[in-house]
Amino acid sequence: MLKVDGLMAGSSFILTVTDVKQFLYCPRIVYFTYCMPVRRPLTYKMVEGEKQHDETADRERRRTLKAYGLSEGERFFDVHLRSERLGLGGLLDMVIRTAREVIPVEFKHSMAAPGLNHKYQLTAYALLVEDEWERPVRRSFVYLIPLKRSQEVPITSGMRTFVVTALEKMRTMIDHETMPPGTRQRGRCVDCEFRRYCGDR
């Protein structure tokens, strides 16, 4: 166990940035993934999202950085990240490196502003980028594919602490195989591929 921003972060096994996002959307998704491994069906949204991601990355290579308010910078795509210190790994859509900073960027096939789970997903990526690139991350971006525009997401110390706490909660849940309560937002259950495994939904 080790300390990150005053909290303990275990690294007995590697969690993913997607786990962080899913845990905040509904913690049962992470529970089913690790404690009751079931075959996760491939949905239309997943297939379409992957297609849009690939097309956006191809176009992004030819664009300027104007969408991010930058005049210069080097782009890196599909960046594999892993931190034994955090017990966390992930595949980030893009990193922009300038003379002053490194910036994580996530492509989203959505017209809606990023929700809390997406903001903490970006925070998890920021922690990984800092470990891998050894430079501080002050902000990140979500690129909204249908709107062809980006939205800046600041990375704060409070957000960092929240992510480390979430990682600890996930590890405790998985270690004890304790099924957590489902999301309070029942609307999320309608299209959930794990819904049939929840007896109370």
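Since every read-out is calculated from the coordinates, none of them should be taken as a lab result. Keep in mind that what you see is a predicted model, and the values were worked out from it rather than measured. Counting neighbours? That spans all protein chains shown, and the Cβs are built from the backbone with ideal geometry, glycine included.
Below are the figures for this structure:
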quantity	calculated
Nitroxide proxy distance, nm - points 7 Å out along Cα→Cβ at residue 169 and residue 196	2.9
Estimated vicinal HN-Hα couplings, Hz - the stretch 159-173 in sequence order (Karplus 6.51, -1.76, 1.60; Gly, Pro = x)	5, 4, 4, 4, 5, 4, 5, 4, 4, 5, 5, 5, 5, 5, 4
Largest to smallest principal axis extent of the C-alpha atoms in the stretch 102-201, angstrom	44, 34, 20
